[in-house]
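Report on the structure given below.
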Amino acid sequence: MTTATPATQDTSKATPAIKQDRILIIDFGSQYSQLIARRVREAGVFCEMYPYDIDTARIQDFGAKGVILSGGPESVHDENGPKINQAIFDLDVPILGICYGMQAMADHFGGKVHASDVHEFGAATIEVTGDCKLLEHIEDEPSKLHVWMSHGDKVIEAPDGFDIVASTPSCPIAVMANEDKKYYGLQFHPEVTHTLQGQVLLSRFVHHVCGCAGDWTPDNIIDMRVAQLKEQIGDKQVLLGLSGGVDSSVVAALLHKAIGDQLTCVFVDNGLLRLHEGDQVMQVFAENMGVKVVRVDAEDRFLEALAGETDPEKKRKIIGKTFIDVFADAARDVSANSDGKPVEFLAQGTIYPDVIESAKSHQGKAHVIKSHHNVGGLPDDLAFDLVEPLRDLFKDEVRKLGITLGLPSKMINRHPFPGPGLGVRILGEVKKEYADILRQADAIFMQELEKSGWYEKTAQAFAVFQPIKSVGVVGDGRRYAWVIALRAVETVDFMTARFAHLPYELIETVSNRIMNEIADVSRVTYDVSSKPPATIEWE
Ligand code: XMP
């Protein structure tokens, strides 16, 4: 193992210029917390989000120009209800408290919070009754804002120094403000799109109240990251596992821009990809962009390893292990053929939500824990430092970077595709014959979704191979052939999903084409299960 150096995106000590105007978001556990961060970034301002109990030193060292306190599920009246660290107020910067963040701020300064089990959830109209810098010239109708509420408790007595600026009949203190201190509290959620002026309001807070510039833009992010990658990598060699998915594609484009030929990508064709997928990846990266890509045709290795296995979990494990083996072999080959310059770095497409998620479980220590380790499961003789150039970016930012870097929008806006690929979409044993049939059916489904404009309206869509035979009739003869299921879902977070209400005509076209064009399919079904209780993949 090489010695540990911090291999996160910001390798030099100085904060990059476009990160200097920064907002600290303190997470009290609301389901909307990440949205706050995404909205602040959309306003062109860098921010980071930490759990409410982060170390005082980190609060002090962060260099915040403003702080946003998120909502959360607790009550300030709970004995263990999370409190705001005094160090945040000692920063002497503007503070915006949202929902629980507002209540905790009110509680901190001696206001009164009413505990209630009755939840107010949904659209509300607030009446703006006072002046404050935050709401100046922001309205949907004269003196009114249409907002989204989601709370039980509410502030019923503003602390000293705070004015009541807006209210609703059921929530007399919907907005409170202390203009001297630049402390604001909102009982509603500006981060959700149902609050019509929410983005304007957050943008007003970070720009006009906190005085942040709007330098956090795709072009600037690319310039910053390219400079950092050059500094971090120097003249060393970097290896990247390219999957054709959004994250690894953007990592490839960024690294190619930064270090050109020092990057080698390994693209493993596991035989479980969609139709022409491997060719498309080679075309975009190797042919059009001139990226060094080693394509490993490992179909036989994967299919042999999978032969006879029907258990979904075991199939996943086999695919994962075979990938590591194939990738490790390729990595050794690349290292052996790099003219005496061994590969020292492995690039990965870790993105910011992964970092936030692990921070939750490790109470704010994620940066330390995840910043330097070998990629899961690679053998000891292959020890690399990690390069994670997307580690501070949300998925929507990664997409914008990809487009700005010139990657095709079709690649950037494509639906997620699981690592084990068609392996989880062929039920039971995986065979080449089945994968070939499924690839064709899937391609037909995708073509028709794209043609009808439904590809963009669904979050994920695919075909599934059923290893059962069903009777059909073709001309004068009977056909005894396989069944294909179609699955299309609408979802934002993939944790819950509704089956997409595709028009019957579209389903009919897809179904007819599959049965007419693929002789081995006699029946097509459409999956109408939602998640939960079903999952998105069938397995
Ligand atoms: P489920 O089936 O759990 O899927 O509802 C939720 C989302 O996760 C994707 N998925 C995976 N992605 N490796 C991945 O990279 C996997 O093993 C895997 N399993 C499921 C699935 O496609 C959906 O978007």
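If we count every other residue with Cβ under 13 angstrom of residue 41's Cβ, Lys/Arg +1 and Asp/Glu -1, where does the sum land?
Taking every other residue near residue 41 into account, the sum is -1.
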If I compute solvent accessible area with a 1.4 Å probe over the protein chains, what percent of it on region 20-209 is carbon and sulfur?
44 percent
Computed over region 431-526, protein heavy atoms only, probe 1.4 angstrom, the accessible area per residue in square angstrom equals 51 Å²
Taking alpha-carbon centroids only, region 481-503 lies from region 172-235 a number of Å equal to 35 Å
To the nearest 20 debye, what is the magnitude of the charge dipole of the chain about its Cα centre, counting +1 on the Cβ of each Lys and Arg and -1 on the Cβ of each Asp and Glu?
880 debye
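Given that compact globular proteins tend to follow 2.2 N^0.38 Å, what is the ratio of the alpha-carbon Rg of region 218-412 to that value? Don't skip to the end; give the middle numbers.
Working: Rg = 16.9 Å, N = 195, 2.2 N^0.38 = 16.3 Å.
Rounded to two decimals, the normalised Rg is 1.04.
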One finds, for residue 304 and residue 501 with R0 = 41 angstrom and r their Cβ-Cβ distance, a FRET efficiency to the nearest 0.05 of 0.50
Chymotrypsin sites (Phe, Trp or Tyr not before Pro), restricted to region 474-539: which are DSSP loop and have at most 16 other Cβ atoms within 10 Å?
494
For residue 410, counting only lysines whose alpha-carbon sits under 26 Å away and dropping same-chain residues fewer than eight positions off, the answer is 257, 292, 395, 400, 451, 457
At 18 angstrom or more along the helix axis (alpha-carbon based) and mean Kyte-Doolittle of 0.5 or higher, what helices does the chain contain? Whole DSSP H runs only.
246-259
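Indicate the gyration tensor shape class of region 187-319 (rounded, prolate or oblate), computed on the Cα atoms with a ≥ b ≥ c the square roots of the eigenvalues: a/c under 1.5 is rounded; otherwise a/b larger than b/c is prolate and the rest oblate.
Oblate is the answer for region 187-319, as a/c is 1.5 or above yet b/c matches or exceeds a/b.
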Answer with one residue from 63, 105, 29: the one whose Cα lies farthest towards the positive end of the charge dipole of region 1-124, charges on Cβ with Lys, Arg +1 and Asp, Glu -1.
63
Estimated [θ] at 222 nm from DSSP helical runs (n ≥ 4, -39500 (n - 2.57)) normalised by residues in the chain, nearest 500:
-9500 deg cm²/dmol
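If I take R0 = 22 Å and measure r between the Cβ atoms of residue 468 and residue 539 in this structure, what FRET efficiency does the formula 1/(1 + (r/R0)^6) give, to the nearest 0.05?
Rounded to the nearest 0.05, the efficiency is 0.90.
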Rounded if a/c is under 1.5, else prolate if a/b beats b/c, else oblate: with a ≥ b ≥ c from the C-alpha gyration tensor eigenvalues square-rooted, which is region 94-167?
oblate
Whether the chain is rounded, prolate or oblate, judged on the alpha carbon gyration tensor where a/c under 1.5 counts as rounded:
oblate
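The values are calculated or read from the model by the stated rules, or taken from the named source; none is laboratory data. In this text the structure is predicted, and so the values were computed from the model without any measurement. Note that we place each Cβ from the backbone using ideal geometry, even for glycine, and neighbour counts take in every protein chain shown. Quick note on the areas: whole protein, heavy atoms, side chains included, nothing else; ligands and nucleic acids left out. Shrake-Rupley method; radii C 1.70, N 1.55, O 1.52, S 1.80 Å.
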